[in-house]
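As structure tokens, the structure follows; a few thoughts come after it.
The values are calculated or read from the model by the stated rules, or taken from the named source; none is laboratory data. Since this is a predicted model, take the numbers as computed values, not measurements. Neighbour counts are summed over all protein chains in view; Cβ atoms, including those assigned to glycine, are modelled from backbone coordinates with ideal geometry.
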Amino acid sequence: MKVHNFSAGPGILPKEVLQKAAAACLDVNHSGLSLLEVSHRGKDVIAVFDTAVSLVKKHLGIGDDYAVVFLQGGASMQFSMVPANFLNGKAAYLNTGVWASKAIKEAELYGVTHLVASSKDRNFAYIPKGYNIPTDVDYFHITSNNTIYGTQMRTFPESPVPLFCDMSSDIFSHRIDGNKFDLIYAGVQKNMGPAGATLVVLKKELLQKIKRTLPSMLNYAIHVEGESMYNTPPVFAVYVSMLTLEWLDTNGGVEWAEKRNKAKAELFYSELDRNSQFVGTVDTEDRSWMNANFVMAAPEKEEIFKGMLKEANINGLAGHRSVGGFRASMYNAMDIDSVQVLVDVMKSFEQKNG
Ligand SMILES: *Cc1c(COP(=O)(O)O)cnc(C)c1O
């Protein structure tokens, strides 16, 4: 029985990745040992990290002027690590939701934050535009995809200062020029792997700008120097991320993912716009291809719709607890067939209850 997994995070992973991951838990590379019980200093695990790093670079289109590490503590730890390492005076932030707000809160512990723009006035239902980025700041921090609300930046600002981006929920989902960014981070559990590892990509020259005396575990320079192995890394989470990156690579990379994600989003949103029983909650131009938020025209019929979803083996469609309604997350690993199943349920709901 196929379950259609629309969960916002941890999110859907390719079946073949899960199968390979399961096999490695029992026997990694015919060693007779589980991946979970071997040294991270051994050749099998070093090769996993090397492959993951080179695939990250390939699919972001970046070269050796960037360092790539896998850290722990989730994307939330990056909310603190970023300012601890790089906020020496003032930093600019774009507030596009809960995750951005949390990043701002942590930055305030280390220096002055300049709020460039915010979409809080309409509960983050759009991406602010036409703002000015100050030049007297250490960096400008943005969130490319706002997982909770279903908004996404599909073009990025030309920044006069280093551009930092939380890409947790849309990394590798469409083509971007990685070279536009000085620092990118992403908790891997949305589009790459299980919870437990966070990808951090940063320009090596940034490491020179670390002024503060920091605990070693919070210092990017130490993790870069240790090639993600300053201490025991989350091997399994990185292994699954590597498998997902190999899956992406074999299928045609981010170009392939972009086509597929665009097709899924078009299929879903055209039904949302056509169907009288469902209403989108964000501005059309800022709709995310990863997370699609909507509410019901007749909220009293929610339970009926939920029953139909269950019958169709659709899982994980509940909206975030802070916004309610529904959210269909359609990460890289989701096939268009699953989106079609959801669309069919929406159509059938309208026929029966409209
Ligand atoms: C899920 C998410 C986070 C939080 O990630 P954790 O790994 O749970 O700390 C941060 N930013 C974005 C955009 C997210 O989607």
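A few remarks follow.
- Condition check for Gly187: surrounded by fewer than 24 Cβ atoms within 10 Å (Cβ to Cβ) and in contact (Cβ under 8 Å) with a residue 24 or more places away in the chain: no
- Options Leu33, Leu13: the member that is out of contact with any helix residue (DSSP H, G or I) (no Cβ under 6 Å at 6 or more places or on another chain), buried (at least 19 other Cβ atoms within 10 Å of the Cβ) and part of a loop (DSSP other than H, G, I, E, B): Leu13
- Pairs with Cβ under 7 Å, 6+ apart, first in region 154-172 and under 18 Å from Met77 (Cα atoms), second more than 16 Å from the ligand (Cβ to nearest atom): Phe164/Tyr139; Phe164/Phe140; Phe164/Asp182
- Subset of region 104-140 (residues that are under 24 Å from Leu214 (Cα atoms) and either at pLDDT below 95 or basic (Lys, Arg) (or both)): Lys105
- Subset of region 58-72 [crowded, with 17+ Cβ neighbours inside 10 Å and away from the ligand (no atom under 16 Å from the Cβ)]: His59, Leu60, Ile62, Tyr66, Ala67, Val68
- Those strands (runs of 3 or more DSSP E) of region 73-183 in which 2 or more residues are away from the ligand (no atom under 16 Å from the Cβ) and buried (at least 19 other Cβ atoms within 10 Å of the Cβ) occupy 90-95, 112-118.
- If you check Ala328, Ala292 for being within 11 Å of Gly150 (Cβ to Cβ), of a type outside the set (D, E, K, R), in contact with a Gly (Cβ under 6 Å, 6 or more places away or on another chain) and part of a strand (DSSP E or B), only one passes: Ala292.
For (1) at pLDDT below 95; (2) under 19 Å from the mean Cα position of the chain (by Cα); (3) not assigned by TED's automatic domain parsing to the domain that holds Thr143, each residue gets a yes or a no:
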position	(1), (2), (3)
Pro10	no, yes, yes
Ala22	no, no, no
Asn29	yes, no, no
Ala52	no, yes, no
Gly73	no, yes, no
Gln78	no, yes, no
Asn85	no, no, no
Lys90	no, no, no
Lys102	no, yes, no
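- Residues within region 331-354 that are of a type outside the set (A, V, I, L, M, F, W, C), buried (at least 20 other Cβ atoms within 10 Å of the Cβ) and part of a helix (DSSP H, G or I), tallied: 1
- Residue match in region 308-317 (condition: more than 30 Å from Gly252 (Cα to Cα), among the aliphatic types (A, V, I, L, M) and crowded, with 19+ Cβ neighbours inside 10 Å): yes
- Taken over region 190-212, residues that are surrounded by fewer than 24 Cβ atoms within 10 Å (Cβ to Cβ) and outside any strand (DSSP E or B) amount to 12.
- Complete set of residues in region 115-150 that are free of Cβ contacts under 8 Å to residues at least 60 places away in the same chain and within 23 Å of Leu218 (Cβ to Cβ): Val137, Tyr139, Phe140, His141, Ile142, Thr143
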